[in-house]
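Colleague: Below is the structure I would like to discuss, written out as structure tokens.
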Amino acid sequence: MKSRLQYLTLITLVFSLIFLSIAACSTGPEETSTLVYGLTLAPSGIDPHLNASSELGIPLRSVYDTLVFLNPDTGKFVPGLADNWTISPDGLTYIFTLRRNVIFHDGTPFNAQAVLANLDRICDPNNHSQKAVFMLGPLEEVEIIDDYTVAIHLSEPYAPLLDSLSDVYLGMASPTAFETWGPAEYQFHQVGTGPYRFVEYIPIDHLTVDRNPDYAWAPSIYHQPQADIENIIFRFYEDSSTRALALESGEIDILGEVPPHDAARLSVDADFTLYPISIPGQPMQFFFNTQLSPTDDVIVRRALIHAVDRSYAVNTVFGVYSVVAHSPFSASAFNLESQDLILDYDPTKAEALLEAAGWTDEDGDGIRSKNNIPLELRIVSPTWGSNPEVTQLIRADWETIGARVILEIAPGFGPLKEAQTQGEYHAIGINFFGTDPDLLRSFFSSNGLYNWTGFTDPEQDQLLLQAAQTSLDPEERLRLYQQFVSDVQEEALLLPIRFYVNLVVASKRVEGLHFSAQGWYPILIDLRITH
Amino acid sequence: MEGLLTAWAAVSLTFFALRVVDGDPVASLLSQGLASPEQVESLRRSLGLDAPLLIQYLRFLRGFLRGDLGISLYTSRPVSIVIAEQLPATIALALTGLSLAIFFGLCLGVTAAWKEHSAAGRLAARVAGLATALPVAFTGVISLLVYRYILQFFPSISIIASRHLLLPATVLGFSSAGAIARVVQAGLVESMRSPYMLAARARGIGRGVRLLWHALRPALPPATSLSALEAAYLFAGTVVTETVFSRPGLGRLLVNSILQGDYPIAQGVVALAALFYTASHIIADILAFLIDPRLRRTS
């Protein structure tokens, strides 16, 4: 009896000691100039010149500056590390006058030699750049005119060049740093000229940046001349179901890609603010295969678009934050939607079109057929980004108008490409993000890498090429793309669903959150923490 | 030797499975809509992915035998370094998880046997059953919810039970505790029925001492072997646990490298897992031999 009492006393003593020590720790001064930012994907590599993940730009957009910046509100380019630039009348030569007195975080001066070294690094085939090199298009030569003037020569006009140069993938890195560390290790020792300095990156765990006190060359799209917050730690939250929990337990201050139902709940919570951020680029979309019956018939394609209740699908899967998309591309400077060619939800019309195209229910089994061939549709969906959920709803709608639908979910990009190569599909989902509509050339020109509709039209190819080469007149360029989009809508080549809206939730103690034109990247320099 | 064979089989299977199921890694690598078909081809050539699959496999095996796991397709970093970075986090999680599994397993097993016919014993048996049945993905999220709820009242608890180690290790340990508890319970119940226990009882030794001293010892060898095997399963469990708790480690490295098509890394992690699995079997045998004097006598 006595021994039991002794044990009990001992246990009580130990526990109270533990709790006391914890209480002592937790009452320490709170670090208010540190912010924790949640990332939603742990990329395989975070070297912007060499890797392609869009997640890497969230921290690194503020580590690097670019020659030009894209104003998210106007869609116009503003000076960055280049004070000004001129484009030759033939669109083949861009001359940049560089800003003086800019130094990298390691003390290396920024000048024309640095620009040349950066572009050389990106184009070096041994470095296997996955994105940046392709963004440079028909780059032929980089010429140093003097220490602060550099010319970029192209082999053919390429209008998206400025857009490319405004993105983090073509951010200017310190040649001293990347030459010291080499292509494999530089990602752990990145050095730029931006408002934040790269401190540390531990893969799958965290990435830390701290304030650059020497920053004195903020572009006009930044609201503050220098950063406010001392340190920003980025952590990875890949499991979407635990993202809201991480916010609510106070582990992180800002987090993107919060699932819609959690976002709705947090948006009415007094401790959080919801920022629905539109991401420019292609919508979630399904391309029709124009090489395979029955989707080789434009009437059938139109019927299939009319048959889908897209606003129901968008509301069900993405909540109230997204609207139905009608065009194949959207960005602030490129509103391409043509209102008079929109194919709205109209199942009666869809059925009438199918009847007119000769697809009738010949034997009364509920499945339409033509010449004894049943109306069978095979739809291939990627596994990511709620594509499968949307595809289920599309299937239900197509079955309602008398089709037999086979649904195949491709568990990754490889299998999706495999299914596409085999060609046994009527509709297939794929979409990319980007601020320049030249992206569409891969999808809609006859020999494009992503011409998954199989549609070929020399006039369309010519139109896309002309638009890509209209470097000097943005308005003419916009007109060409509007023309192109109405052609695509006329041919009913794709079923667009919605443009991506990134649901970012931030703690109320964070102020000044806004995003770059690419949509994904927060402007970290303008963030403040309120007490 | 057997271990190496197992590792070889596992790695070869991964090599072919990833390529057959997932197709072309270059397609994933350049899935950004900007490259031209010629550029894709040239990248494939420079990564040595244009060679026939068998040649690629032989090249890979040659490297593997020399201890060279190749380089990551995405970052050109050696796979061995990428894995070494993530290894400590997973080892810490798995070891803590294993210790907790043994602790929970013993507590539940002994309680279930000791109070066999009372509510406490039945409850312990039920909990053990539940531990085996519930997937880590489920208990993980539930534990996070409970954790957040408790946090409202005891904000300071975040220091001891943070998501970093103790909470995920508890979830992981709990999932393996069920099987251990069952074996301990079965062993105890069986030995309690043996004639020597009757003799011990006749000598007036109390039930508690009989159970914990005399009966537990013969019940331990199977539980020890099982624990060593559970260590291998814990390794698999870390894949889910690391994702749910946003912890770094090999599990997430494996999942990410498969999703992103970085095959050399996936192969490296699988090879390591296979070696680890084999090693834990060998350790299980050795432990059983050390603990159980009967095994030593027969050999």
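Colleague: Given the options A:ARG479, A:ARG395, A:ARG404, name the one that is surrounded by fewer than 22 Cβ atoms within 10 Å (Cβ to Cβ), of a type in the set (Lys, Arg) and under 30 Å from A:THR93 (Cα atoms).
Modeller: A:ARG479
Colleague: With respect to B:ALA236, is the statement that it is part of a helix (DSSP H, G or I), in contact with a Gly (Cβ under 7 Å, 6 or more places away or on another chain), more than 19 Å from A:ALA42 (Cβ to Cβ) and among the small types (Gly, Ala, Ser) true?
Modeller: Against the criterion (part of a helix (DSSP H, G or I), in contact with a Gly (Cβ under 7 Å, 6 or more places away or on another chain), more than 19 Å from A:ALA42 (Cβ to Cβ) and among the small types (Gly, Ala, Ser)), B:ALA236 does not qualify.
Colleague: Right, here's the next one. Name the helices (runs of 4 or more DSSP H) wholly inside the range B:76-153 in which the number of residues that are in contact with a Leu (Cβ under 8 Å, 6 or more places away or on another chain) and surrounded by fewer than 17 Cβ atoms within 10 Å (Cβ to Cβ) is 1 or more.
Modeller: The helices (runs of 4 or more DSSP H) meeting that bar are B:79-114, B:136-153.
Colleague: Given (1) in contact with a Leu (Cβ under 9 Å, 6 or more places away or on another chain); (2) within 30 Å of B:VAL11 (Cβ to Cβ); (3) in contact (Cβ under 8 Å) with a residue 40 or more places away in the chain, where does B:TYR57 come up short, assuming only one miss?
Modeller: Against the list (1) in contact with a Leu (Cβ under 9 Å, 6 or more places away or on another chain); (2) within 30 Å of B:VAL11 (Cβ to Cβ); (3) in contact (Cβ under 8 Å) with a residue 40 or more places away in the chain, B:TYR57 comes up short only on (1).
Colleague: Residue check: is A:VAL317 surrounded by fewer than 19 Cβ atoms within 10 Å (Cβ to Cβ), at pLDDT below 95 and at negative phi?
Modeller: Criteria not met by A:VAL317.
Colleague: Hey, another quick one. Counting just the residues of the range A:131-164 that are in a strand (DSSP E or B) and within 22 Å of B:SER42 (Cα to Cα), which one comes out farthest from the other protein chains (Cβ to nearest Cβ)?
Modeller: Among residues in the range A:131-164 that are in a strand (DSSP E or B) and within 22 Å of B:SER42 (Cα to Cα), the one farthest from the other protein chains (Cβ to nearest Cβ) is A:GLU141.
Colleague: For the range B:187-216, how many residues meet the condition of being in contact with a Ser or Thr (Cβ under 8 Å, 6 or more places away or on another chain) and surrounded by 20 or more Cβ atoms within 10 Å (Cβ to Cβ)?
Modeller: So the count comes out to 1.
Colleague: What's the number of the condition A:GLU179 fails, among (1) at the interface with chain B (Cβ under 10 Å from one of its Cβ atoms); (2) more than 29 Å from A:LYS508 (Cα to Cα); (3) of a type in the set (D, E, K, R)?
Modeller: (1)
Colleague: Here's a check for you: in the range A:56-76, which residue that is modelled with pLDDT of 95 or more and farther than 25 Å from A:ILE229 by Cβ is surrounded by the most Cβ atoms within 10 Å (Cβ to Cβ)?
Modeller: A:LEU67
Colleague: Tell me whether the range A:242-250 contains one or more residues that are away from chain B (no Cβ under 14 Å) and either closer than 29 Å to A:ALA331 by Cα or among the charged types (D, E, K, R) (or both).
Modeller: No, there is no match, as no residue in the range A:242-250 is away from chain B (no Cβ under 14 Å) and either closer than 29 Å to A:ALA331 by Cα or among the charged types (D, E, K, R) (or both).
Colleague: Quick check on my filter: what residues within the range A:312-352 are under 12 Å from A:SER486 (Cα atoms) and charged (D, E, K, R)?
Modeller: A:GLU337, A:ASP340
Colleague: Is it the case, given these coordinates, that B:SER72 is at pLDDT 75 or above, more than 21 Å from B:TYR233 (Cβ to Cβ) and within 22 Å of the chain's Cα centre (by Cα)?
Modeller: no
Colleague: Would a scan of the range B:217-239 turn up a residue that is buried (at least 19 other Cβ atoms within 10 Å of the Cβ), within 14 Å of chain A (Cβ to nearest Cβ), among the hydrophobic types (A, V, I, L, M, F, W, C) and out of contact with any Ser or Thr (no Cβ under 9 Å at 6 or more places or on another chain)?
Modeller: Yes; the residues of the range B:217-239 include at least one that is buried (at least 19 other Cβ atoms within 10 Å of the Cβ), within 14 Å of chain A (Cβ to nearest Cβ), among the hydrophobic types (A, V, I, L, M, F, W, C) and out of contact with any Ser or Thr (no Cβ under 9 Å at 6 or more places or on another chain).
Colleague: Among the residues of the range B:67-98, write down those that are among the β-branched types (Val, Ile, Thr) and away from chain A (no Cβ under 13 Å).
Modeller: B:ILE91, B:THR96
Colleague: Search the range A:409-433 for residues being part of a loop (DSSP other than H, G, I, E, B) and closer than 21 Å to B:SER257 by Cβ, and hand back the single one that is farthest from the other protein chains (Cβ to nearest Cβ).
Modeller: A:PRO411
Colleague: Hey, could you check the range A:449-459 for residues that are more than 9 Å from every other protein chain (Cβ to nearest Cβ) and part of a loop (DSSP other than H, G, I, E, B) and say which is surrounded by the most Cβ atoms within 10 Å (Cβ to Cβ)?
Modeller: Step by step, filter the range A:449-459, then rank; the result is A:TRP452.
Colleague: Can you tell me how many residues within the range A:198-208 are β-branched (Val, Ile, Thr) and in a loop (DSSP other than H, G, I, E, B)?
Modeller: 1
Colleague: Please specify each residue of the range A:151-173 satisfying the condition of being in contact with a strand residue (DSSP E or B) (Cβ under 9 Å, 6 or more places away or on another chain) and within 14 Å of A:THR66 (Cα to Cα).
Modeller: A:LEU161, A:LEU162, A:ASP163, A:LEU165, A:SER166, A:ASP167
Colleague: When the residues of the range B:1-27 are filtered to those that are surrounded by fewer than 21 Cβ atoms within 10 Å (Cβ to Cβ) and not in a helix (DSSP H, G or I), which remaining residue is modelled with the highest pLDDT?
Modeller: Only one residue tops the list, namely B:ASP24.
Colleague: Restricting attention to the range B:248-261, report how many residues are at pLDDT 85 or above and not in a helix (DSSP H, G or I).
Modeller: Number satisfying all stated conditions: 2.
Colleague: Still on this structure, please answer the following. Which ones in the range A:352-383 are exposed (fewer than 14 other Cβ atoms within 10 Å of the Cβ), more than 21 Å from A:LEU495 (Cα to Cα) and of a type in the set (A, V, I, L, M, F, W, C)?
Modeller: Listed by number, the list holds a single entry, A:ILE373.
Colleague: Out of the residues in the range A:460-497 meeting the condition of being assigned to a helix (DSSP H, G or I) and without any contact (Cβ under 8 Å) to a residue 24 or more places away in the chain, tell me which one is nearest to A:ALA333 (Cα to Cα).
Modeller: Top of the filtered list is A:GLU475.
Colleague: Sticking with this one: Taking A:TYR196, is it aromatic (Phe, Trp, Tyr), in contact with a Lys or Arg (Cβ under 8 Å, 6 or more places away or on another chain), over 20 Å from B:VAL82 (Cα atoms) and in contact (Cβ under 8 Å) with a residue 60 or more places away in the chain?
Modeller: Considered against the rule, which asks whether it is aromatic (Phe, Trp, Tyr), in contact with a Lys or Arg (Cβ under 8 Å, 6 or more places away or on another chain), over 20 Å from B:VAL82 (Cα atoms) and in contact (Cβ under 8 Å) with a residue 60 or more places away in the chain, A:TYR196 comes out as yes.
Colleague: What are the residues in the range A:94-107 that are among the hydroxyl-bearing types (Ser, Thr, Tyr) and either free of Cβ contacts under 8 Å to residues at least 60 places away in the same chain or surrounded by fewer than 17 Cβ atoms within 10 Å (Cβ to Cβ) (or both), if any?
Modeller: A:THR97
Colleague: What about A:GLU399, is it assigned to a helix (DSSP H, G or I), more than 10 Å from chain B (Cβ to nearest Cβ) and charged (D, E, K, R)?
Modeller: Against the criterion (assigned to a helix (DSSP H, G or I), more than 10 Å from chain B (Cβ to nearest Cβ) and charged (D, E, K, R)), A:GLU399 qualifies.
Colleague: For B:PHE276, work out the one condition from (1) surrounded by 21 or more Cβ atoms within 10 Å (Cβ to Cβ); (2) in contact with a Phe, Trp or Tyr (Cβ under 9 Å, 6 or more places away or on another chain) it doesn't fulfil.
Modeller: With (1) surrounded by 21 or more Cβ atoms within 10 Å (Cβ to Cβ); (2) in contact with a Phe, Trp or Tyr (Cβ under 9 Å, 6 or more places away or on another chain) applied to B:PHE276, the lone miss is (1).
Colleague: Something else: Would you pick out the residues in the range A:209-233 that are in contact (Cβ under 8 Å) with a residue 24 or more places away in the chain, in a strand (DSSP E or B) and either surrounded by fewer than 22 Cβ atoms within 10 Å (Cβ to Cβ) or within 10 Å of chain B (Cβ to nearest Cβ) (or both)?
Modeller: A:ASN231, A:ILE233
Colleague: Another question, if that's okay. Checking the condition free of Cβ contacts under 8 Å to residues at least 24 places away in the same chain, assigned to a helix (DSSP H, G or I) and away from chain B (no Cβ under 14 Å), which residue from A:ASP83, A:ASP120 passes?
Modeller: It is A:ASP120.
The values are calculated or read from the model by the stated rules, or taken from the named source; none is laboratory data. Since this is a predicted model, take the numbers as computed values, not measurements. With ideal geometry, Cβ positions are generated from the backbone for all residues, glycine too; neighbour counts draw on all protein chains shown.
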